[in-house]
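Here's the structure we're looking at; comments come further down.
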Amino acid sequence: MLQKRTITTDRPFRSKELSPGVFFESFYPGGINGPNGELHLPTPGGQSWTDLLLLGTKEDAFQLMLPDIRMPSNQYWPLHWHDCWTAVLVVEGECCIGDWWMKPGDIFITEPSIEYGPLLIGPKGCRLFEIFAQAHLSPGGYAPEYHDHPTLRLSPGRLFLERSELNKRNDGRQVLPCNGVDGITKTRLAPGAIWNLGQADDANRGVMKDTRLTPGERIDAQSYGDWHALLVMDGSLTIGGEVLVRDDYLRIRPNALVGEIEAGQDGVQLLEVARTTRSLVPLTMA
């Protein structure tokens, strides 16, 4: 029997409420190979592992979704699109999007409904975060010619749709280059850098920030005006007597009081993700 190609969970590996509305959670272990080596299962098109971090509830107008995706070597995803702002951050390994070989720390951002790709996973596999500013618009689609592609054939829920007028520029081609395409941005993690997932004048846009703290540096206790996450990318931090390291994160409800944060002996690198600009003044673009 063929194994199902995609394993997805929306349950964090660990979850502990440090204080009302402040959750200490973790992505699953196993790194690039998946928690139990799932990426090595003998599945046509390749197995993958996905772990979901959601900011917001079903009662909110929308949720921001951050899948932690682990994919095997040489897996190939055809050209496709998502109907919301989307960011891809490579965490481990390599991934080629279009004609850009992305390495850890590289970020690809696309505006809604722009067909991009393909994705070709590097020779050692790839782990990436794919951030969707509005989860309900994330499914997007694949052009009909990919309906029998081996990577997609065993994946339930894939949508095969006719291309838009803009995306018809990809008729008859396999690759959309990343350079010089309106709505596509190539960038990289850098201390203090901020990225909008939405138009710059939209208060409901998602926002990401690369925050670095030196050893022993502190962030005073504070609250956020909307859903917020602090992901430890490197180093460590302490909050409320708990130590967070790589793959740990804080998931924070609106207006919840977050205790003082102190960076560990090697400092800490954080990826901050805000559902909207109301999440924190420092995350609001000037």
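The values are calculated or read from the model by the stated rules, or taken from the named source; none is laboratory data. Owing to the predicted nature of the structure, the values given are computational and were not obtained by experimental measurement. Methodologically, a virtual Cβ is constructed for each residue, glycine included, from the backbone with ideal geometry; neighbour enumeration extends over all protein chains shown.
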### Task
May I ask you to list the residues in the stretch 143-169 that are in contact with a Gly (Cβ under 9 Å, 6 or more places away or on another chain) and not in a loop (DSSP other than H, G, I, E, B)?
150, 151, 152, 153, 160
## Note on the structure
Here the residues within the stretch 69-99 that are of a type in the set (Asp, Glu) and either crowded, with 24+ Cβ neighbours inside 10 Å or out of contact with any Phe, Trp or Tyr (no Cβ under 7 Å at 6 or more places or on another chain) (or both) are 83, 92, 99
### Query
Across the stretch 195-214, what is the total count of residues that are among the β-branched types (Val, Ile, Thr) and surrounded by 17 or more Cβ atoms within 10 Å (Cβ to Cβ)?
2
### Query
Considering only strands (runs of 3 or more DSSP E) fully contained in the stretch 200-286, which possess at least 3 residues that are free of Cβ contacts under 8 Å to residues at least 40 places away in the same chain?
228-239
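For the stretch 97-108, does any single residue satisfy the condition of being touching a helix residue (DSSP H, G or I) at 6+ places or on another chain (Cβ under 9 Å), more than 27 Å from residue 248 (Cα to Cα) and assigned by TED's automatic domain parsing to the domain that holds residue 10? Spell out the reasoning first.
Initial filter on the stretch 97-108 (touching a helix residue (DSSP H, G or I) at 6+ places or on another chain (Cβ under 9 Å)): none.
Checking the stretch 97-108: not a single residue is touching a helix residue (DSSP H, G or I) at 6+ places or on another chain (Cβ under 9 Å), more than 27 Å from residue 248 (Cα to Cα) and assigned by TED's automatic domain parsing to the domain that holds residue 10.
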### Query
If residue 127 passes every condition in (1) out of contact with any His (no Cβ under 9 Å at 6 or more places or on another chain); (2) closer than 22 Å to residue 169 by Cα but one, which one does it miss?
(2)
### Subset of the stretch 149-172 (residues that are charged (D, E, K, R) and at pLDDT 90 or above)
162, 163, 165, 168, 169, 171
### Message
Given the options 130, 94, name the one that is under 18 Å from the mean Cα position of the chain (by Cα), without any contact (Cβ under 8 Å) to a residue 60 or more places away in the chain and in a strand (DSSP E or B).
### Response
94
### Task
May I ask you to list the residues in the stretch 10-64 that are out of contact with any strand residue (DSSP E or B) (no Cβ under 6 Å at 6 or more places or on another chain), modelled with pLDDT of 95 or more, over 14 Å from residue 135 (Cβ atoms) and buried (at least 17 other Cβ atoms within 10 Å of the Cβ)?
21
### Query
Among all residue pairs at least 6 apart or on different chains, which show Cβ distances below 7 Å where the first residue, located in the stretch 75-86, is in the same structural domain as residue 65 (by TED's automatic domain parsing) and on the phi < 0 side of the Ramachandran plot and the second is among the acidic types (Asp, Glu) and at pLDDT 95 or above?
79/115; 80/115; 81/115; 85/111; 86/130
